[in-house]
Amino acid sequence: MVDLREVQLFSKLSEKHLEEIKEHAVIRSYSRESIVFYEGDRGEYLYIVLDGTVKLYKTSPKGTQIQINRFDAPAVVGEYACFEKMPFPATCEFITDGKMAMVPYDYIYRNLSEPDFSLEIIKSLTSKIMVLSALIHKETIYSSEAKVAKMLLENSEIFSKLKYNEVASILNLTPETLSRIFKKMKKEGIIEVDRQHHVQVLDPEALQMVIENNKIKTCTNCLADFKKQMGMD
């Protein structure tokens, strides 16, 4: 289990402020598939993953999980809701056993006068904005086949490390759709999958063509379209 000192957000704090935060932090253990908080919940803490891995996801009006990101310890989640004093915009769930430190908002606000601390907060929030921007781009620009092709080119190892339904969740696809696309790509000689489910890309140029030829027509307002899809109007 990591110490709070190893969390980048707190790495520049003075010893006095760090000890104060550690003193008031609540440590909880979670089992796999435990929910830390639900989308729409109002919280009183900033959450720090000390051990294990969590995933953040939104739920569409149809009940489909759209995975936004996953974080390995050490990581901070819930900054946006913390500083905007608003409900959590996504659900946080452990995908392994783990531990979480919960720091009361009051003790976070007390340290905003620390320039280095404030800078780390800005960096953390900016990185989350980039993740959301990438998600919006993926969901509004790429078709199902293009999303799979892009993942194969950028991170083919993920198909060997995770179950197909987990990868499908990350791509916002049904497992059946992912399986159908894989069968098509194997038949066309673009990829090869062995008995251990290890995926090998045989024709990266063909995958690039899939991405270019299967883009959805450029939207006029991608953010508005994405919010409508997620029921955020």
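Taken together, the residues in the stretch 87-114 that are without any contact (Cβ under 8 Å) to a residue 12 or more places away in the chain and either out of contact with any helix residue (DSSP H, G or I) (no Cβ under 9 Å at 6 or more places or on another chain) or open to solvent by less than 10 Å² (accessible area, probe 1.4 Å) (or both) amount to 1.
Taking first residues from the stretch 38-51 that are over 8 Å from F88 (Cβ atoms) and partners that are part of a strand (DSSP E or B) and hydroxyl-bearing (S, T, Y), no Cβ contact under 7 Å between residues at least 6 apart in sequence or on separate chains turns up.
Would you check if S169 is surrounded by 13 or more Cβ atoms within 10 Å (Cβ to Cβ) and touching a His at 6+ places or on another chain (Cβ under 7 Å)? Spell out the reasoning first.
Numbers: surrounded by 13 or more Cβ atoms within 10 Å (Cβ to Cβ): yes; touching a His at 6+ places or on another chain (Cβ under 7 Å): no.
Considered against the rule, which asks whether it is surrounded by 13 or more Cβ atoms within 10 Å (Cβ to Cβ) and touching a His at 6+ places or on another chain (Cβ under 7 Å), S169 comes out as no.
Residue pairs whose Cβ atoms lie under 6 Å apart, separated by 6 or more positions or on different chains, with the first residue in the stretch 175-188 and touching a residue at least 24 places away in the same chain (Cβ under 8 Å) and the second open to solvent by less than 40 Å² (accessible area, probe 1.4 Å), are L178/A168; I181/E145; I181/V148; M185/I191. Within this structure, K62 passes the test of being open to solvent by 20 Å² or more (accessible area, probe 1.4 Å), more than 20 Å from V26 (Cβ to Cβ) and not in a helix (DSSP H, G or I).
Tell me whether the stretch 118-134 contains one or more residues that are at pLDDT 85 or above and part of a helix (DSSP H, G or I). For the stretch 118-134, residues at pLDDT 85 or above and part of a helix (DSSP H, G or I): absent. So in the stretch 77-117, with the set limited to residues that are in a helix (DSSP H, G or I) and over 20 Å from G43 (Cα atoms), which one is modelled with the highest pLDDT? Selected residue: P115. Taken over the stretch 189-203, the criterion of being open to solvent by 70 Å² or more (accessible area, probe 1.4 Å) and either touching a residue at least 40 places away in the same chain (Cβ under 8 Å) or closer than 27 Å to P61 by Cα (or both) is satisfied by Q200 alone.
Of the helices (runs of 4 or more DSSP H) lying entirely inside the stretch 161-233, the ones with 1 or more residues being at pLDDT 75 or above and touching a helix residue (DSSP H, G or I) at 6+ places or on another chain (Cβ under 6 Å) are found at 164-170, 175-187, 204-213. Looking only at residues in the stretch 1-48 that are assigned to a strand (DSSP E or B) and touching a Cys at 6+ places or on another chain (Cβ under 9 Å), the one that is surrounded by the fewest Cβ atoms within 10 Å (Cβ to Cβ) is I35.
The values are calculated or read from the model by the stated rules, or taken from the named source; none is laboratory data. Here the structure is a predicted model, which is why all the values come from computation and not from measurement. A quick note on method: Cβ atoms are made from the backbone with ideal geometry, for glycine too, and the neighbour counts reach across all protein chains shown. Each accessible area value is taken on the protein alone, full model and side chains, heavy atoms only, with ligands, DNA and RNA left out. Shrake-Rupley method; radii C 1.70, N 1.55, O 1.52, S 1.80 Å.
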